[in-house]
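Laboratory data are not the source of any read-out in this text; all were calculated from the coordinates shown. This one's a predicted model, so the numbers in the text were calculated from it and none came from an experiment. Reconstructed Cβ throughout: ideal geometry from the backbone, glycine too, with neighbour counts over all protein chains shown.
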Amino acid sequence: MAECASLFTSYGYAKKVLGVNEEAGGVNAVCGGVGLRFFFDCICLRANWYSFQLSLAILQAATPSNPVPFWKLVVSGAGSGFASSCVLTPVELVKCRLQAQLNCPSGSTDYKGPIDCIVRTVREEGVTGLWRGNLSTLAREVPGNMAWFGVYEAGMRFVQQARGDERKKDVPLYWSALSGSAAGVAYWALPFPADTVKSKIQTDSRFQGESFVSVFKTVVKEEGVAGLYRGCPITCLRAIPSHALVFYFYEAADRFLLRF
């Protein structure tokens, strides 16, 4: 996601804060798309969890005496990534284009905001243009969500067994936060090259109509393997607190609602 509600302040905006100026549009230029991203990230987060639970229900119904095998949790994570990418691709495209214009000379694109970006994209590229880079998003979300849910569940199961707790819900919530932090790092570190390729396809006119493999090869040729991981350290660092909060509040809300 992976992209959940706590990720709406993406690192691209943060890196630009120190360079804000009036000619670039000030704070509005830096934060352009945040509101739209937050709205759709809430939807994506819901799609993530719903599709994950639906996949689990299809594969196997869990009971205290018959827990779900770990591999089924990972496969369910893949299903979650597939579902969320369908919603996430247009949001990612708008976000990336609004960010990219900060580095362009004034007047070269000048999207006035996320709505203007959507309207102009549909007018110039058709409705399908909003899903430009969808294959790259899938290449990030499917393995990313497999890692996200897999690492989280593995961490929680390890703690549960080490503590001798009968149920996962008996594990203290701070372990959910720690496992969520590890899951967030895994979510980004594993598929980060796919995210780099996705951003290139969505923002660089040179790559319009190019395949994922073609753009991947071009990035490696021009920037080396390190170019595929540009921005990865700060993204993983950001994921530690944000994903800790996601899983902490998810588990807290789930346990609270089970009382009723």
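Ranking CYS86, CYS96 by Cβ neighbours within 10 Å, fewest first, what do you get?
Arranged by neighbour count, lowest to highest, CYS86, CYS96 become CYS86, CYS96.
Write down the Å³ per residue value for the convex hull defined by the alpha carbon atoms of the range 180-260.
Details: hull volume 9.1 nm³, N = 81.
Once divided by residue count, the hull of the range 180-260 is 112 Å³.
Would you mind giving the average projected area, over all directions, of the Cα convex hull of the range 119-260 in nm² with one decimal?
Projected over every direction and averaged, the Cα hull of the range 119-260 covers 11.3 nm².
Could you give the distance between the Cα centres of the range 189-225 and the range 233-260, to the whole Å?
The range 189-225 and the range 233-260 have Cα centres separated by 31 Å.
With θ set to phi - 60°, apply the Karplus curve 6.51 cos²θ - 1.76 cosθ + 1.60 along the range 171-176 and write out the HN-Hα couplings as whole Hz, x wherever there is a Gly or Pro.
With coefficients 6.51, -1.76 and 1.60, one gets 6, x, 5, 5, 6, 5 Hz.
Is there a pair in LYS72/LYS198; LYS72/LYS169; LYS112/LYS200; LYS112/LYS217 whose C-alpha atoms are over 31 Å apart, and which pairs would that be?
With Cα atoms farther than 31 Å apart: LYS112/LYS217.
Run the numbers for LYS168 and PHE260: contour at 0.36 nm per residue of separation, minus the present Cα-Cα distance, in nm.
31.2 nm
What does the highest-first list of 219-226, 249-256, 187-194 look like by mean Cβ count within 10 Å?
Ranked from most to least packed, the peptides come out as 187-194, 249-256, 219-226.
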